[in-house]
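Structure first, commentary second.
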Amino acid sequence: NACGISVCIAYPPDTETPGFAQENLTKPHECQFISEAGGLAQPSDVATIMVQESLKRNPNFAIYFNFDGWMLATLTAGFSPVTSVFQAVSQVAGMG
């Protein structure tokens, strides 16, 4: 960030796109069952959140959209920078 450049990684939920529809044609039934619990997001909603989060003055490294994304970001603690006290505490507490 010394040069004013930040890097973010997004953990988007299943998003209603032509590619997702194509993926579902060959997705195992077990995976479809798991995916149904998370719901289906609209592309415009996902894009809006990604742009808003990445344009913040001090953006979070991880951009997540729901509890599943937060858990994924938290359980991979140590692989990415921590940008807030809340992230640090939740990662330590989440890892036991």
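Residues checked against (1) in a strand (DSSP E or B); (2) modelled with pLDDT of 90 or more:
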{"position": "ALA2", "(1), (2)": "no, no"}
{"position": "VAL7", "(1), (2)": "no, no"}
{"position": "ALA21", "(1), (2)": "no, yes"}
{"position": "LEU25", "(1), (2)": "no, yes"}
{"position": "ALA47", "(1), (2)": "no, yes"}
{"position": "GLN52", "(1), (2)": "no, yes"}
{"position": "ASN58", "(1), (2)": "no, no"}
{"position": "ILE63", "(1), (2)": "yes, no"}
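Within segment 27-65, how many residues turn out to be over 17 Å from VAL82 (Cα atoms) and of a type outside the set (A, V, I, L, M, F, W, C)?
Going residue by residue through segment 27-65, those that are over 17 Å from VAL82 (Cα atoms) are 27-52, 55, 65.
Restricting the remaining residues to those that are of a type outside the set (A, V, I, L, M, F, W, C) gives 27-30, 32, 35-36, 38-39, 42-45, 48, 52.
Number satisfying all stated conditions: 15.
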Criterion violated by VAL82 - all others in (1) among the β-branched types (Val, Ile, Thr); (2) part of a loop (DSSP other than H, G, I, E, B); (3) in contact (Cβ under 8 Å) with a residue 40 or more places away in the chain satisfied: (3)
Pick from segment 9-18, criterion open to solvent by less than 50 Å² (accessible area, probe 1.4 Å) and outside any strand (DSSP E or B), ranking: farthest from LEU55 (Cα to Cα): ASP14
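The values are calculated or read from the model by the stated rules, or taken from the named source; none is laboratory data. This is a predicted model, so every value here is computed, not measured. We place every Cβ from the backbone using ideal geometry, glycine too, and count neighbours over all the protein chains shown. These area figures cover heavy atoms from the full protein model, side chains too; ligands, DNA and RNA do not enter into them. Shrake-Rupley method; radii C 1.70, N 1.55, O 1.52, S 1.80 Å.
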